[in-house]
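The values are calculated or read from the model by the stated rules, or taken from the named source; none is laboratory data. Note that this is a predicted model, so its numbers are computed, not measured. Cβ atoms come from the backbone with ideal geometry, glycine included; neighbour counts cover every protein chain shown.
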Amino acid sequence: MSESHLDDLKFRLMVIDMLRLAKKSYTYRELSSKTKLPMTVLSRYVKGHVLPGSSRARKIGRILENLVGIESELRRRIKFDKYGYFDNTSILSDPFLLQRASQYVFTKFAGRRITKILTAAVDGIPLATLISSNLGIELIIAKKTKEIGVRTFIEETFIPEGSAMVVSLYIPRGLIRRGDSVLIVDDVIKSGETQSAMMNLVYKARGEVAGIYALVAIGDRWKKKLKQTATFPVEVVLTQRARTI
């Protein structure tokens, strides 16, 4: 299969994922009214019995962008408790939403060289895994503990903002090499400390950072931490005002 045919197939599959996501909020009758397609046809798409053709997929995609835009869907699902903490459960537990979010990377980082995906355990893993799979490149997970069986690690230590604890992130030495261009992925950016630590892990391994991608940023304090020295794009789907009590 040629690269152009593969890209076309990926796009048609992406549209199916968007349609499945839309089905969570709209009935087949409502989707039929908006897309001008029979409910039976839409049902066959959603159930995976058939793929839309290229031109029809483009038409459906344009319509669904207004119905299930990733930003509006994230905003709808964000919930804070009475103490001001963010609950991301409904986001991380929805594979269709995460798949849509992973496809967002194609447009935001189009043309940039990416050879590895790096995320921090644990909440960033589902999204990073999908991005790694879609791009067909290796996923590296920075963990807070050293695993038995790994001989040497690259380590980065930091003190999270507002905390009296020291946190360390570890990756096995050799996973990132000179010349690697690494995309850092996370679900949420708050202070930017974790993402900054992952940047330093990449630099210690003599790689370069292709960019940072996150679903949600809380407030804007992180911008000072990440954007002052960044020579790469930092892409956030949704910036949410921090809640205080």
Quiz item: Just one of 140, 148 is in the same structural domain as residue 91 (by TED's automatic domain parsing) and under 30 Å from residue 99 (Cβ atoms); which is it?
Solution: 140
Exercise. With respect to residue 51, determine if the residue is aliphatic (A, V, I, L, M), surrounded by fewer than 17 Cβ atoms within 10 Å (Cβ to Cβ), touching a Lys or Arg at 6+ places or on another chain (Cβ under 7 Å) and more than 25 Å from residue 238 (Cα to Cα).
Key: yes
Exercise. Residues that are of a type in the set (S, T, N, Q) and without any contact (Cβ under 8 Å) to a residue 40 or more places away in the chain: find the helices (runs of 4 or more DSSP H) completely inside the stretch 20-71 holding 3 or more of those.
Key: 28-35
Exercise. Could you please let me know if residue 85 is assigned by TED's automatic domain parsing to the domain that holds residue 134 and hydroxyl-bearing (Ser, Thr, Tyr)?
Key: yes
Quiz prompt | Hits in the stretch 34-48 (condition: of a type in the set (S, T, N, Q) and surrounded by fewer than 14 Cβ atoms within 10 Å (Cβ to Cβ)) | solution = 40
Quiz item: Can you tell me which residues in the stretch 6-65 are aromatic (Phe, Trp, Tyr) and under 19 Å from residue 134 (Cα atoms)?
Solution: 11
Quiz item: Which of the residues that make up the stretch 87-134 are crowded, with 22+ Cβ neighbours inside 10 Å and in a loop (DSSP other than H, G, I, E, B)?
Solution: 124
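Evaluate the following for residue 238: is it modelled with pLDDT of 95 or more and either crowded, with 18+ Cβ neighbours inside 10 Å or of a type outside the set (Val, Ile, Thr) (or both)?
no
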Self-check item: Meets criteria (surrounded by fewer than 17 Cβ atoms within 10 Å (Cβ to Cβ) and either closer than 27 Å to residue 6 by Cβ or at pLDDT below 95 (or both)) for residue 163
Solution: yes
Quiz prompt | Close pairs (6 angstrom Cβ cut-off, 6 or more residues apart or separate chains): assigned by TED's automatic domain parsing to the domain that holds residue 189 in the stretch 110-123, among the acidic types (Asp, Glu) and assigned to a loop (DSSP other than H, G, I, E, B) anywhere | solution = 115/180; 116/180
